[in-house]
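> Structure in structure tokens, see below.
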Amino acid sequence: MNEQTEEIEQTGVVIVGAGMAGVQTAVALREAGFEGPVTLLGAEPHQPYDRPPLSKAVLLGTAEGSAFEVDFEGLDIDLRLGVEVTGLRAADRELDTAAGPVRYGTLVLATGAEPLSLPGSEGVPGVHLLRTLDDAARLRPVLAAAHEVVVVGAGWIGAEFATAARAAGCAVTVVEAADRVLAGALPDEVTAPMAAWYAQAGARLLTGTKVAAVEPGLVRLADGRELPAGAVVVGIGARPATGWLAGSGVELGPDGSVTADERLRSSLPGVYAVGDCASFPSGRYGTRLLVHHWDNALQGPRTVAANILGAEQAYDPVPYFWSEQFDRFVQYAGHHAGADTLLWRGSPQDPAWSVCWLRDGALAAVLAVGRPRDLAQGRRLIESGTPVDPAKAADPATPLKSAVL
């Protein structure tokens with residue numbers, strides 16, 4: 001045991017946030033042999049749970065919940081629920097909460113992200129966000145009643161909710177201010193064929209359309225049209241849940257994220273940040289990344305735990321996420337910004353197809369629709385940085401792993 005580990009074991013680790021990133025950090029510390037106090041603070045009263053099922057099985061009532069199968073007591077993790085942290089006083093190594101101050105030796109920020117609300121819709125009856133277990137519980141009877149539903153935002157969460165609402169028999173209209181779906185995530189030529197999925201599922205899609213106002217039972221559009229709405233679901237993005245860190249000395253970026261370094265350390269000594277609330281520099285892609293996806297919240301904690309215990313590990317993953325929408329399994333790995341070549345593997349008119357992005361001859365990112373082998377093999381190629389033959393990579397009959405030069 002080195003001096004750093006011995007000191008931390010005496011003072012203990014406090015983790016703020018009991019979502020995937022926070023829970024996995026606590027578990028990773030124990031798996032790495034850390035024997036000191038570990039305290040996990042969660043703002044919600046519920047047992048810590050996984051979020052992806054909220055827009056799928058939990059929302060449709062085919063699952064009651066998605067609690068993590070973690071024996072917190074057996075791991076000697078002090079889990080405190082319903083504790084909202086309101087401030088950080090680094091000089092005292094204390095957190096402020098309604099229940100009183102909480103001292104820490106080492107601190108991990110894992111507060112995740114919070115959904116953006118539609119301006120002017122706050123407090124209007126029938127307007128919903130979908131981020132928490134309580135959100136999903138409030139929306140289940142809405143779907144069961146087969147209301148007319150308006151979804152604001154044609155991003156990943158909007159598409160997943162529209163899918164669930166159509167499966168429940170609701171009439172669905174999706175309103176998107178941008179001129180296409182997934183405007184902030186993927187290039188136009190890739191998202192263009194995905195817009196057709198809405199109509200195929202029986203959902204109405206209005207792009208290039210802004211919401212002027214939301215009233216009980218009604219959505220008014222900027223062009224004067226009115227949409228009847230038994231419920232309105234807002235899915236226009238999320239921001240890091242870091243407002244409580246204002247004035248704490250923790251450096252935040254323009255996007256609100258904690259600006260962690262390559263070891264996921266914040267600007268304050270002894271304070272780490274992981275998951276949706278933190279951005280990190282990627283040596284692989286030469287830019288700072290803010291990744292609001294499940295896999296990042298799963299992988300990052302292992303690096304945090306190792307570095308807390310004295311390692312010097314850099315965090316430089318290949319970002320990965322998936323989405324289940326309109327009877328399609330969509331997967332993405334990598335980071336396509338800065339790529340110089342785009343290759344199609346198959347036709348987007350087919351049930352299954354993929355897109356590859358190359359940068360300097362190597363695979364930088366891959367999007368796979370119903371082609372999980374492309375994703376798995378592509379992800380390994382991205383990790384290795386091995387150059388590929390563009391002609392072979394563009395041939396859907398050739399396994400991606402066989403496109404290596």
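The values are calculated or read from the model by the stated rules, or taken from the named source; none is laboratory data. Remember, it's a predicted structure, so these values are computed and weren't measured experimentally. Heads up, the Cβs are rebuilt from the backbone with ideal geometry, glycines too, and the neighbour counts pull from every protein chain shown.
> Restrict the check to region 320-337 and report whether at least one residue is free of Cβ contacts under 8 Å to residues at least 24 places away in the same chain and more than 30 Å from ALA165 (Cα to Cα).
Within region 320-337, not a single residue is free of Cβ contacts under 8 Å to residues at least 24 places away in the same chain and more than 30 Å from ALA165 (Cα to Cα).
> If you don't mind, there's one more thing I want to ask. Just the residues that are assigned to a helix (DSSP H, G or I) and not hydrophobic (A, V, I, L, M, F, W, C), please, taken from region 155-169. Please lay out each step first, then the result.
Of all residues in region 155-169, those assigned to a helix (DSSP H, G or I) come to 156-167.
Across region 155-169, the qualifying residues are GLY158, GLU160, THR163, ARG166.
> Now, a different point. Looking at (1) free of Cβ contacts under 8 Å to residues at least 40 places away in the same chain; (2) within 16 Å of GLN325 (Cβ to Cβ), find the lone condition where PRO141 falls short.
(2)
> Sort through LEU75, LEU130 and tell me the only one that's under 18 Å from the mean Cα position of the chain (by Cα) and either polar (S, T, N, Q) or assigned to a loop (DSSP other than H, G, I, E, B) (or both).
Values: LEU75 fails: under 18 Å from the mean Cα position of the chain (by Cα).
Exactly one residue qualifies, and that residue is LEU130.
> Run down GLU64, GLU6, GLU31, GLU35 and say which single residue is closer than 20 Å to ASN307 by Cα, at pLDDT below 85 and charged (D, E, K, R).
Working: GLU64 fails: closer than 20 Å to ASN307 by Cα; GLU31 fails: at pLDDT below 85; GLU35 fails: at pLDDT below 85.
GLU6 is the lone residue from the list that is closer than 20 Å to ASN307 by Cα, at pLDDT below 85 and charged (D, E, K, R).
> Could you count how many residues in region 293-319 are of a type in the set (A, V, I, L, M, F, W, C), touching a residue at least 60 places away in the same chain (Cβ under 8 Å) and farther than 19 Å from MET20 by Cα? Lay out the reasoning, then the answer.
Keep residues of region 293-319 that are of a type in the set (A, V, I, L, M, F, W, C), which gives 294, 297-298, 304-306, 308-309, 311, 314, 318.
Retained after the next criterion (residues that are touching a residue at least 60 places away in the same chain (Cβ under 8 Å)): 294, 297-298, 304-306, 308-309, 318.
Okay, now just the ones that are also farther than 19 Å from MET20 by Cα, so 309.
Residues in region 293-319 being of a type in the set (A, V, I, L, M, F, W, C), touching a residue at least 60 places away in the same chain (Cβ under 8 Å) and farther than 19 Å from MET20 by Cα: 1 in total.
> Something else now. Considering only strands (runs of 3 or more DSSP E) fully contained in region 170-283, which possess at least 1 residues that are in contact (Cβ under 8 Å) with a residue 24 or more places away in the chain, within 30 Å of ARG302 (Cα to Cα) and in contact with a helix residue (DSSP H, G or I) (Cβ under 6 Å, 6 or more places away or on another chain)? Walk me through how you get there before you give the answer.
On the way: elements: 171-175, 204-206, 211-215, 218-221, 226-228, 231-234, 238-240, 271-273, 278-282.
It comes to 238-240, 271-273.
> A further question on this structure: Being outside any loop (DSSP other than H, G, I, E, B) and either out of contact with any Cys (no Cβ under 9 Å at 6 or more places or on another chain) or not hydrophobic (A, V, I, L, M, F, W, C) (or both) is the filter here; which residues of region 102-127 pass it?
Passing the criteria: VAL102, ARG103, THR106, LEU107, VAL108, GLU114, PRO115, VAL127.
The rows are residues; the columns are (1) farther than 30 Å from ALA167 by Cβ; (2) surrounded by fewer than 18 Cβ atoms within 10 Å (Cβ to Cβ).
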{"position": "GLN200", "(1), (2)": "no, yes"}
{"position": "VAL214", "(1), (2)": "no, no"}
{"position": "ARG220", "(1), (2)": "no, yes"}
{"position": "GLY224", "(1), (2)": "yes, yes"}
{"position": "ARG239", "(1), (2)": "no, yes"}
{"position": "GLY249", "(1), (2)": "yes, yes"}
{"position": "ASP255", "(1), (2)": "yes, yes"}
{"position": "VAL258", "(1), (2)": "yes, no"}
